[in-house]
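Worksheet: one structure, shown below.
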Amino acid sequence: MTQTAPCSTAIIGAGIAGLACARALHSAGWPVTLFEKSRGPGGRLATRRLAEASLDIGAQFFSVRDERFQREVERWRRDGQIAPWPQRVWRVEAGQWHRHHDGRTRYIGTPRMSALTRHLAEGLTLQVDTRIVQLARDSAGWWLHDHGGHRHGPYDQVVVSAPTPQAESLVAAHEASLGEACRRVIQRPCWAAWARLAAPLPRLPGVPQDWQAAMPAEGPLRFVARNDSKPGRAEQGESLTLLARLPWSQEHLEADAAWVVAALLDALRTALPDGVELPAPSETGAHRWRYAQPDVFASGEAINRDYRRGAGGLALCGDGWRGPRVEDAWLSGYHLGQALINGN
Ligand SMILES: Cc1cc2nc3c(=O)[nH]c(=O)nc-3n(C[C@H](O)[C@H](O)[C@H](O)COP(=O)(O)OP(=O)(O)OC[C@H]3O[C@@H](n4cnc5c(N)ncnc54)[C@H](O)[C@@H]3O)c2cc1C
């Protein structure tokens, strides 16, 4: 396959898609700089670190369907960056707990989800705490303007891996078709609450004490994770992540975080078998993900095109272009990187 001459590339966003694209370009010897508005890489592979516990508050796990991603995942596993979790999942229907089996292996980053993206960022040029607010282009190339009034560049090309509503505000002024494509991808919100409990959850009748995650079939709550059941975290004590259903999150998008915590803890109490008391929480909080997962059906067309490229050196990657999973985001970034290198 022919390779094009290396182009200097700026990548906006250091989530798993931006990192996958950056790694592909870096491996081919292309100069790449990542710009990330948060304090570190990871995006929605996020971990809340308390004094004595780490709680994953974005993606809870990832699974593998694609062969190329499978090879990457095997490498991460050999390097000790990920481990299988959860292996003991329960479904809760009408107050009854049933063991959930689907034969699929799921993984998380170790010792926490965000450690995987920190690993992927090693050796790359990454500028954190830098929110890009505008792109400009002149005869020298692309310039990135950040929230502090600084200008970065010039670059031959710019990849935007931010969630589509945020990407739109950067690219629409330069290429209307890219802005329009962003507008068609709907990202649904999700509230994620966490709670450290003063005591372990009591034993649930008929459920072995080593259950790791639960999926209530009804109510506001869709997923409960016991963070202390994750590899390397046994010592941190009972620490739960509670993910709300997407429609419920949309309905309560502007609610107060404390109210959301109380509502999701109540939903957990309802899901526990009769007579089981939830121990008092010692520390709680909630994070509102405005753009949690793309709705692949909302636009009325199959997303499955992996990424978008414009004519003037702008490109878009991220889960919004492929599907609602970590795997989709990684494949989107990886495939865009390959396309840029191969000039197709
Ligand atoms: C609560 C929740 C639960 C989930 N559960 C699962 C699950 O169980 N399994 C699964 O496979 N997937 C799950 N997902 C989805 C998965 O996390 C995402 O699909 C994936 O992480 C998206 O990666 P990305 O790189 O496309 O986007 P992101 O991770 O959002 O990365 C984009 C990055 O761009 C940065 N950025 C945005 N705008 C700017 C700007 N202007 N300047 C600089 N930086 C900017 C952001 O800070 C972010 O770091 C979940 C997501 C959430 C929120």
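No lab work stands behind these numbers, since they all come straight from the coordinates. Quick caveat: nothing in here was measured; it's all calculated off a predicted structure. Every residue, glycine among them, receives a Cβ derived from its backbone with ideal geometry; neighbour counts consider all protein chains shown.
Considering only DSSP beta bridges whose two residues both sit in the stretch 11-120, what percent are antiparallel, to the nearest 5?
Working: 12 of 14 bridges.
Within the stretch 11-120, antiparallel bridges account for around 85 percent of the total.
Mean residue ellipticity at 222 nm from the helices of the chain, using -39,500 (n - 2.57) per DSSP H segment of n ≥ 4 over the full residue count, to the nearest 500 deg cm²/dmol?
On the way: 8 runs with 88 residues, N = 344.
So the calculated ellipticity at 222 nm is -7500 deg cm²/dmol.
Quick one: 307, 291, fewest Cβ neighbours within 10 Å first, how do they rank?
Details: 307 24, 291 21.
Least to most surrounded, the residues fall as 291, 307.
Using the count of nearby Cβ atoms within 10 Å as a rough guide to exposure, how do 9, 110 rank from fewest to most?
Working: 9 24, 110 20.
Going from least to most buried by this count: 110, 9.
To make sure I understand, if each residue's beta carbon is the centre and we count other beta carbons within 10 Å, what order do 50, 144 fall in, fewest to most?
On the way: 50 14, 144 23.
Sorted ascending by nearby Cβ count, the order is 50, 144.
Are there trypsin sites (Lys or Arg not before Pro) in the stretch 1-75 that DSSP marks as loop and that have at most 12 other Cβ atoms within 10 Å, and which are they?
Working: sites: 23, 37, 39, 44, 48, 49, 65, 68, 71, 75; in loops: 37, 39, 44, 65.
Sites meeting the loop and neighbour criteria: 39, 65.
For the chain, which longest stretch is free of loop sites, where a loop site is one of the GluC sites (Glu not before Pro) that DSSP puts outside H, G, I, E and B and that has at most 15 other Cβ atoms within 10 Å? Write down the numbers at each step before the final one.
Details: sites that count: 52, 122, 218, 254, 277, 301.
Within the chain, the longest run free of exposed GluC sites (Glu not before Pro) spans 123-217.
By Kyte-Doolittle mean hydropathy of at least 0.5 and Cα axial length of at least 20 Å, which whole DSSP H helices of the chain are selected? The partial results should precede the final answer.
Details: long enough: 257-271 (21 Å, 1.40); 326-342 (24 Å, 0.16).
Helices meeting the span and hydropathy rule in the chain are 257-271.
If you take every DSSP beta bridge fully contained in the chain, what fraction is antiparallel? Give it as a percent rounded to 5.
On the way: 46 of 64 bridges.
For the chain, the DSSP antiparallel bridge percentage is about 70.
With the crude spin-label approximation of a point 7 Å out along Cα→Cβ, what separation in nm comes out for residue 311 versus residue 259?
A separation of 4.9 nm, rounded to one decimal place.
Using θ = phi - 60° and the Karplus relation 6.51 cos²θ - 1.76 cosθ + 1.60, list the HN-Hα couplings for the stretch 94-110 in order, rounded to whole Hz, with x at every Gly or Pro.
Couplings: 6, x, 9, 9, 10, 5, 9, 10, 9, x, 8, 8, 10, 10, 9, x, 10 Hz.
For residue 134 and residue 269, FRET efficiency with R0 = 56 Å and r from the beta-carbon atoms, rounded to 0.05? Intermediate results must be reported in sequence, preceding the final value.
Values: r = 47 Å, r/R0 = 0.85.
The calculated FRET efficiency here is 0.75.
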